[in-house]
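Asks: This is the structure I have questions about; it appears just below.
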């Protein structure tokens, strides 16, 4: 197996993860009880997301979402919900900063041990850096999450 074959296999695996989470999101639900919520809208491509957050003491206990949009946006919302549950708000913000860098560049030079494991779970979305118009699709749910954590009701994909 050549290095090119290995890269192609990884790309295929990543694409399958995105399609799976895009078609069958595990956290796509409005939470009955929640502490904060925010909506995100990307009018350029039509992606829309609403995120609900339920805290558990000092951590994010549960995250649910409803999303209408492309597979990348839905998969990103689902992987985000999965990844931030059980983390502090500070850790969730650090993870968003690292994820945003990875989505823009394909790598994460600012990643540290605190986010490295979680970022590995988000790695299938790293390929969006090759398609700049898709970066906003991948980061929109995260912007909505941060807006919910901040107590604002709406977020943009900027």
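Asks: Is one or more of the residues making up segment 57-73 part of a loop (DSSP other than H, G, I, E, B), exposed (fewer than 14 other Cβ atoms within 10 Å of the Cβ) and either in contact (Cβ under 8 Å) with a residue 40 or more places away in the chain or touching a strand residue (DSSP E or B) at 6+ places or on another chain (Cβ under 6 Å) (or both)?
Replies: So the first thing to find is which residues in segment 57-73 are part of a loop (DSSP other than H, G, I, E, B), and the list is 57-58, 69-70.
Then keep just the ones that are exposed (fewer than 14 other Cβ atoms within 10 Å of the Cβ); that gives 57-58.
This time we only want the ones that are either in contact (Cβ under 8 Å) with a residue 40 or more places away in the chain or touching a strand residue (DSSP E or B) at 6+ places or on another chain (Cβ under 6 Å) (or both), so: none.
Checked against the condition, which is being part of a loop (DSSP other than H, G, I, E, B), exposed (fewer than 14 other Cβ atoms within 10 Å of the Cβ) and either in contact (Cβ under 8 Å) with a residue 40 or more places away in the chain or touching a strand residue (DSSP E or B) at 6+ places or on another chain (Cβ under 6 Å) (or both), segment 57-73 yields no hits at all.
Asks: While we're looking at this one, here's another question. For segment 132-145, state whether one or more residues are under 18 Å from residue 18 (Cα atoms) and not in a helix (DSSP H, G or I).
Replies: Within segment 132-145, not a single residue is under 18 Å from residue 18 (Cα atoms) and not in a helix (DSSP H, G or I).
Residue by residue, here is whether (1) closer than 19 Å to residue 67 by Cα; (2) modelled with pLDDT under 95; (3) in a helix (DSSP H, G or I); (4) touching a helix residue (DSSP H, G or I) at 6+ places or on another chain (Cβ under 9 Å) holds:
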residue	(1), (2), (3), (4)
11	no, yes, yes, yes
26	yes, no, no, yes
30	yes, no, no, no
50	yes, no, no, yes
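The values are calculated or read from the model by the stated rules, or taken from the named source; none is laboratory data. Predicted model, so just to flag it, every value in this text is computed and none were measured. Cβ coordinates were reconstructed from backbone atoms using ideal geometry, including for glycine residues, and neighbour counts include every protein chain displayed.
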